[in-house]
Amino acid sequence: MKERILVTGGTGYIGSHTVVELQNAGYEVVIIDNLSNSNADVVDNIEKVSGIRPAFEKLDCLDYAGLDAMFEKYKGIKAIIHFAASKAVGESVQKPLMYYRNNLGSLINLLELMPKHGVEGIVFSSSCTVYGQPDPENLPVTEKAPIKKAESPYGNTKQINEEIIQDTVASGAPINAILLRYFNPIGAHPTALLGELPNGVPQNLIPYLTQTAIGIREKLTVFGDDYSTPDGSCIRDFINVVDLAKAHVVAIDRILNKKQKAKVEVFNVGTGRGLSVLELIHAFEASTGVKLNYQIGPRRAGDIEQVWADPTLANTELGWKAETSIEDTLRSAWNWQLKLRERGIQ
Ligand code: UD1
């Protein structure tokens with residue numbers, strides 16, 4: 001058994017897939033999650049997939065004393081992967097203080113407690129949202145592209161959290177960090193035991209699409225076909241969630257094996273391929289054989305027209321590369337939706 005790793009938000013969508021990949025790589029995992037956007041039975045499904053039951057504590061990262069006690073209980077945690085955060089862009093505009101309190105406070109608590117408990121490293125779940133709409137000459141976007149003013153309080157919490165980590169490390173704190181900027185994570189585990197479980201009406205494209213395909217929603221609306229892109233719809237870099245999970249394992253290996261070239265490193269985690277919303281819909285239909293009811297609607301406020309990653313740095317430095325085809329990824333999302341129906345969940 002390798003080192004003990006703390007995964008905050010480990011019962012969530014990306015967190016649960018990452019726990020499995022850490023276990024597959026031999027790490028011992030402790031999950032904390034306040035279950036605000038996930039269920040404790042995800043722990044059972046993690047065990048079904050990996051054959052190992054991770055330790056689990058229902059705990060909010062805003063609970064400083066609770067975190068302190070958790071580090072005492074699970075002595076020897078070597079590194080943290082910090083997913084736990086509120087992540088709905090629209091909600092963050094309505095409730096900015098909730099987003100700032102939750103997303104900033106959680107990270108600050110962890111950073112304060114790391115030195116006390118001998119935790120060496122943290123992998124932070126950041127987002128391509130920090131680039132805003134990159135200028136045309138900066139597409140595909142590299143880590144060197146300028147950070148743009150955030151479009152939402154949610155996006156701002158990602159930017160500020162990156163700065164909090166940079167400032168803390170610069171102050172001499174004995175902490176090493178890797179900031180992973182995700183593009184658009186989609187898909188589910190190939191076993192269909194883990195996946196994305198949105199609360200209420202989904203805001204993100206893929207859960208809305210699969211819920212439409214299965215008949216929970218009547219129609220998917222494509223938000224705008226008058227953008228300056230080849231087919232007029234927005235372009236994103238859709239990254240398979242298991243591939244994304246594996247990037248975290250590589251980042252943890254790198255921190256613990258002291259392979260970092262700087263105490264804070266930043267990597268884009270994307271495929272390098274931009275796909276439009278309409279292309280994605282057609283790829284879903286082609287790879288699953290399911291016809292999708294969709295219509296073109298108006299643009300959604302705050303949407304970025306086009307962004308996709310230059311993942312060269314992650315490819316060369318981390319030795320990580322997105323591997324799963326978009327067809328397999330979309331089939332996995334569909335199988336997950338079918339499985340949810342079978343389980344009577346949605
Ligand atoms: C946004 C954030 C991202 C964040 C994610 C979490 C930005 C630039 N990106 O991603 O940082 O992690 O939310 O929620 O702020 N679409 C439709 N119809 C739908 C739903 C979506 O056409 O019903 C389109 C959107 O207009 C967009 C694309 O699908 O062009 C992807 O949307 P979505 O899945 O919501 O992700 P982002 O907005 O890219």
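What follows is calculated from the coordinates using simple rules that are stated; it is not laboratory data. As the structure is a prediction and not an experimental result, all values here were calculated from the model. When we count neighbours, we look across all protein chains shown, and the Cβ atoms used for this are built from the backbone with ideal geometry, even at glycine.
Summary of values
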item: Separation in nanometres of the label points that stand 7 Å from Cα toward Cβ, at S171 and A25; result: 2.8 nm
item: Among V89, V249, V130, residue whose mean-square fluctuation peaks in a GNM of the chain (springs only between Cα atoms under 10 Å); result: V89
item: 5 angstrom amide H check on N204, placed H, neighbours 5+ away; result: none
item: Label-point gap, in nm, between N204 and E342 - each point 7 angstrom along Cα→Cβ; result: 2.2 nm
item: For G215, net neighbour charge (Lys/Arg +1, Asp/Glu -1) across residues whose Cβ lies under 15 Å away; result: +2
item: Relative contact order (percent, whole number), the range 162-251, Cα cutoff 8 Å, 6+ residue spacing; result: 31 percent
item: Amide hydrogen neighbours beyond the local backbone of I186, cut-off 5 Å, H modeled; result: I239, N240, V241
item: Sites D231 and Q260 - FRET efficiency at Förster radius 45 Å, r taken between beta-carbons, to 0.05; result: 0.65
item: The chain: DSSP helices with Cα axial extent of at least 15 Å and average Kyte-Doolittle hydropathy no lower than 1.0; result: 241-256
item: Most mobile of I239, I255, I164 in a GNM of the chain (Cα contacts under 10 Å); result: I164
item: Label zone at D44, where the point sits 7 Å out along the Cα-to-Cβ direction: the range 178-212 residues whose backbone N lies under 20 Å; result: 189-199
item: Full-extension gain in nm, K116 to N315, via 0.36 nm per residue minus C-alpha separation; result: 68.2 nm
item: For M1, net neighbour charge (Lys/Arg +1, Asp/Glu -1) across residues whose Cβ lies under 14 Å away; result: +2
item: Backbone N within the range 75-115 under 16 Å of label point (7 Å from A55 Cα along the Cβ vector); result: 75-81, 114
item: Label-zone membership for the range 174-208, site S36, 7 angstrom Cα→C-beta point, backbone N under 15 Å; result: 199
item: Between the range 1-75 and the range 260-327, the Cα center-to-center distance that results, in Å; result: 27 Å
item: Net lengthening on full extension, I108/R300 (0.36 nm per residue, minus Cα-Cα); result: 65.9 nm
item: Three-way shape label, the range 38-79, alpha-carbon gyration tensor, a/c 1.5; result: oblate
item: Distance histogram in 10 Å bins (all Cα pairs of the chain, percent per bin); result: 5, 26, 36, 25, 7, 1
item: Residue of N268, N204, N184 that the Gaussian network model of the chain assigns the largest fluctuation, springs spanning Cα pairs under 10 Å; result: N204
item: Shape metrics for the range 17-97, restricted to C-alpha atoms - Rg then Dmax, Å; result: 14.2, 42
item: Globularity index of the range 214-341, i.e. its alpha-carbon radius of gyration over 2.2 N^0.38 Å; result: 1.25
item: Point-charge dipole on Cβ atoms (K/R +1, D/E -1) for the range 194-346, about Cα centre, debye to 20; result: 580 debye
item: Calculated FRET efficiency for the pair M1/K95, C-beta based, R₀ 56 Å, to 0.05; result: 0.85
item: Amide hydrogen neighbours beyond the local backbone of I178, cut-off 5 Å, H modeled; result: I122, V123, F124, E265
item: Residue-count net charge about R331 - beta-carbon cut-off 14 Å; Lys, Arg +1, Asp, Glu -1; result: -2
